[in-house]
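The values are calculated or read from the model by the stated rules, or taken from the named source; none is laboratory data. Since this is a predicted model, take the numbers as computed values, not measurements. FYI the Cβ positions are ideal-geometry reconstructions off the backbone, even for glycines, and counts take in every protein chain you see. The area values use the complete protein model at the heavy-atom level, side chains included, leaving out ligands, DNA and RNA. Shrake-Rupley method; radii C 1.70, N 1.55, O 1.52, S 1.80 Å.
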Amino acid sequence: TNGPAIRIASIPIVYHGNENMHRHIIESGTLTHNSEESLLSSILVGNVYSEIMSGMLPSKIGSNLLTDLIRLREQYFPQLVNSKVVSNLKLAQSLSESLEGNELCDALERNLGLSGHPHTSIVSAVILGLNYTNPRECIIDIANRLFEGGDLDSTAAIAGGICCGLNSDSTITDW
């Protein structure tokens, strides 16, 4: 269920600033997944990548996430009134206000989960990617979780991609 969010990474690069970016994300996602929650979580990831492309700081990206996601849910999935992606993003953002690093990772794992469903794992990945400043620590803290369903590699890939994009001064040689 996390496939579309991983697969769309190149779409915000190619269609950055293009009003059709979200439609391309949805079209790509529906090739293998038709869940509106899965597609909405893919749009969330695509928005974050697009904001990174524009040079936006993590704090600014984070402050716009919920408002943008609600607007996009209303635009593309108006029938999805009680979106778990939206409610989980609210919770994850509130946790990130007082926690960071591995403590935030622990809290997200306890309260949402880091693996399995896009409304939990993708939301957690986005929040972790925005809140870590060291991509290696971000990826390792996620990957070193207890096995809880088997999709931690996807969560780590998305969070690590976001964190790397925001902290480009950290290179593989630093790892």
Counting only residues that are buried (at least 17 other Cβ atoms within 10 Å of the Cβ) and among the basic types (K, R), how many does segment 45-81 have?
1
Out of curiosity, is L114 under 21 Å from S83 (Cβ atoms), touching a helix residue (DSSP H, G or I) at 6+ places or on another chain (Cβ under 9 Å) and at pLDDT 80 or above?
no
Given the options E19, E27, E74, E36, name the one that is modelled with pLDDT of 95 or more, over 21 Å from L128 (Cβ atoms) and not hydroxyl-bearing (S, T, Y).
E74
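Within segment 1-46, can you find the residues that are of a type in the set (D, E, K, R), more than 18 Å from T155 (Cα to Cα) and assigned to a helix (DSSP H, G or I)?
Result: R23, E27, E36.
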Output the residue which, of all residues in segment 151-165 that are within 15 Å of R7 (Cα to Cα) and free of Cβ contacts under 8 Å to residues at least 40 places away in the same chain, is surrounded by the most Cβ atoms within 10 Å (Cβ to Cβ).
A159
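Within segment 117-140, can you find the residues that are touching a Phe, Trp or Tyr at 6+ places or on another chain (Cβ under 6 Å) and surrounded by 21 or more Cβ atoms within 10 Å (Cβ to Cβ)?
Hit for segment 117-140 is C138, nothing else.
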Would you be able to say whether some residue in segment 141-150 is within 18 Å of K60 (Cα to Cα), open to solvent by less than 10 Å² (accessible area, probe 1.4 Å), in contact with a helix residue (DSSP H, G or I) (Cβ under 8 Å, 6 or more places away or on another chain) and part of a helix (DSSP H, G or I)?
no
All conditions in (1) of a type in the set (A, V, I, L, M); (2) touching a Cys at 6+ places or on another chain (Cβ under 8 Å); (3) surrounded by fewer than 24 Cβ atoms within 10 Å (Cβ to Cβ) are true of L114 except (3)
Being open to solvent by less than 30 Å² (accessible area, probe 1.4 Å) and either free of Cβ contacts under 8 Å to residues at least 40 places away in the same chain or over 16 Å from M53 (Cα atoms) (or both) is the filter here, so list the residues in segment 9-25 that pass it.
I11, M21, I25
I'd like to know if segment 36-44 contains one or more residues that are in contact with a Phe, Trp or Tyr (Cβ under 9 Å, 6 or more places away or on another chain), farther than 19 Å from K84 by Cβ and open to solvent by less than 20 Å² (accessible area, probe 1.4 Å).
no
